[in-house]
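None of the figures in this text is laboratory data; all of them are computed from the coordinates on show. Since we're looking at a predicted model, the values are computed, not measured. Using ideal geometry, Cβ is built from the backbone for each residue, glycine included, and neighbour counts are taken over all protein chains shown.
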Ligand SMILES: Cc1cc2nc3c(=O)[nH]c(=O)nc-3n(C[C@H](O)[C@H](O)[C@H](O)COP(=O)(O)OP(=O)(O)OC[C@H]3O[C@@H](n4cnc5c(N)ncnc54)[C@H](O)[C@@H]3O)c2cc1C
């Protein structure tokens, strides 16, 4: 595979970019692999990449029912941050942020990581107490997070309306300067390319329809729309469809799937320098490199497998955006879309072995797993390769829903994009 470099880009510029070739191979599935990963989203592809890179396991297939990155990985608003309350969450999300910082170099693919700062708005005394608690907890974990006055918040984000005579006035903000965004498609493509270069098979348009278990109960492989594919180990990384896939092996998951929406405006010149989130009025916004305002909403109130959400959720989000940023009131919205997010009772992910020998699961990232992609793939690869969790994901086991040792970010944050 051709490496990207300044020299290669310059040379290709002179020959109409005809020399790049395919970025990843599209092989026919083999009859058997050491490891099969179900789902070619960012987490599944990252898992395959780190299996090959860090554990020397290259006999791996990533099987995707649609196209690579067509799930939530290509549908999210790309917010990256690690300012979570609990030690376990802070550790896994900050592991990811550290990997984001060198990811383009590691993959030799520009994922356009842009640490432009993530600011979370406080609207009342309760918000202020919660955010200050987060700031102290984060600092104890060596994670940057700082309190800003309304004037400081406006200096950091000039379009912000800090007037006192609005329905949800702003009384401060918590800022993580290392937070940012990345280009979601590029993350999927970069991992696919780098995994493929190490021998991993990325197989698109191939739905997993069953998980075969032997007489001893252990996994033997997966039934797919292109025939049976044997495997010593199977990792399920299917986001909103995880409970459906795990049911194929007879494992019932503590998950509910909900539609989650986002939308973008018409493109405009750079006006918005950072990410702003408001959990209280529930809206979050940044500006893409193309110039579109990228706006995220909340989940629908009822579980569903539809990849589109309800109109009133978008209306509510835009009400909040217009109040916080009056200068955007006359902008036109260009398009909206939805994804299916898998939500656990404590709003923390599951990266775990399962009661079935050889079956592993990585799911429950809900509304906020894009930011974790490199860290999640990295520790899940360790879990599969060694058949035991990495110390960073040990607490995110499936049996915490039996033991009651929750990591209750739901109570801590109410929302977790
Ligand atoms: C609108 C929206 C906004 C979001 N905003 C943010 C944000 O700002 N920041 C953030 O951190 N997170 C955000 N998220 C969450 C984030 O997108 C997800 O947590 C993350 O992308 C999950 O990645 P994944 O690789 O696990 O899942 P996916 O990318 O969904 O990949 C799972 C793959 O499994 C495949 N699959 C399913 N069933 C089968 C089967 N039977 N056989 C084969 N393949 C199958 C699917 O087709 C899919 O491609 C948002 C999500 C949405 C929907």
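What FRET efficiency would be calculated for the residue pair residue 108, residue 67, taking the C-beta separation as r and a Förster radius of 25 Å, to the nearest 0.05?
On the way: r = 22 Å, r/R0 = 0.90.
About 0.65, to the nearest 0.05.
So what are the three principal axis dimensions of the range 105-249 from its Cα atoms, in whole Å, longest to shortest?
65, 35, 32
So what is Rg over Rh here for the range 197-334, counting just Cα atoms and using Kirkwood for Rh?
1.14
Taking Cα atoms, how many degrees apart are the long axis of helix 87-101 and the longest axis of the chain, rounded to 10 and kept between 0 and 90?
Approximately 80 degrees, to the nearest ten.
For the chain, find the longest principal axis of its Cα atoms and tell me its angle to the long axis of helix 42-55, 0 to 90°, nearest 10.
Taking the Cα atoms of the chain, the angle to 42-55 is about 60 degrees.
Tell me, how many Å apart are the Cα centres for the range 281-314 and for the range 1-61?
Between the Cα centre of the range 281-314 and that of the range 1-61, the gap is 31 Å.
Calculate I(q)/I(0) for the range 1-124 by the Debye formula, one identical point scatterer on each C-alpha and no solvent, and give its log10 at q = 0.13, 0.14 Å⁻¹ to two decimals.
Values, matching the q order: -0.76, -0.87.
Per-residue ellipticity at 222 nm for the chain, helices alone: DSSP H runs ≥ 4 residues times -39500 (n - 2.57), over residue total, nearest 500 deg cm²/dmol?
On the way: 12 runs with 122 residues, N = 417.
So the helix-based figure for the chain works out to -8500 deg cm²/dmol.
Among 47, 209, 77, 354, which comes first, second and so on when ranked by fewest other beta-carbon atoms within 10 Å? Provide the component values of the computation, followed by the final result.
Working: 47 35, 209 12, 77 24, 354 20.
Placing the least packed residue first, the sequence is 209, 354, 77, 47.
If you rank 332, 400 by fewest surrounding Cβ atoms within 10 Å, what's the result?
The most exposed by this proxy come first: 332, 400.
Mind jotting down the distance between the C-alpha centroids of the range 79-94 and the range 128-156, whole Å?
Each part reduced to its Cα centre gives a spacing of 14 Å.
For residue 4, project a label point 7 Å along Cα to C-beta. Then give me every residue of the range 267-305 with its amide nitrogen under 17 Å of that point.
Answer for this model: 289-290.
Can you tell me the length gained on complete extension of the stretch residue 269 to residue 315, counting 0.36 nm per residue apart and subtracting the Cα distance?
14.1 nm
Which angle from 0 to 90°, rounded to the nearest 10, does the C-alpha axis of helix 373-386 make with the longest principal axis of the chain?
With rounding to tens, the tilt is 30 degrees.
For each of 202, 402, count neighbouring Cβ atoms within 10 Å of the residue's Cβ, then give the residues from fewest to most. Please list the in-between numbers first.
Details: 202 25, 402 9.
So the ranking, lowest neighbour count to highest, is 402, 202.
How much of the calculated P(r) for the range 94-186 lies past 21 Å, in percent of all Cα pairs?
When every Cα pair of the range 94-186 is considered, 43 percent fall beyond 21 Å.
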